[in-house]
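Each remark here refers to the structure printed beneath this line.
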Amino acid sequence: MTDQGTFRVKCPNLSCRRLLAIPLHGRGQMVRCLHCSTQLKVPEGTNRSGRRPARQSA
Ligand SMILES: [Zn+2]
């Protein structure tokens, strides 16, 4: 369950909004949502390799 090689990006399609598992090497690239086929750009600066303790999640 701890995929260290992936991070999550939310689908921008308002009628989908699923969390997609993106491989780390996919940063900055275009990927396609598996659920609605919307193309989205993966942000490059998403570094969540477990450095912060998950404290602030309201
Ligand atoms: Zn989608």
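The values are calculated or read from the model by the stated rules, or taken from the named source; none is laboratory data. Everything quoted here is computed from the prediction, not taken from an experiment. Glycine also receives a Cβ, built like all others from the backbone with ideal geometry; neighbour counts cover every protein chain displayed.
Of 21, 58, all but one fail to be at pLDDT 70 or above and either loosely packed, with under 10 Cβ neighbours inside 10 Å or touching an Asp or Glu at 6+ places or on another chain (Cβ under 7 Å) (or both); the exception is 21.
Taking (1) away from the ligand (no atom under 16 Å from the Cβ); (2) modelled with pLDDT of 90 or more in turn, residue 4 satisfies each apart from (2). Listed by first and then second residue, the pairs with beta-carbon distance under 6 Å, at least 6 apart or on different chains, first residue in the stretch 24-39 and under 16 Å from residue 7 (Cβ atoms), second of a type outside the set (S, T, N, Q) and more than 14 Å from the ligand (Cβ to nearest atom), are 24/5; 27/44; 28/44.
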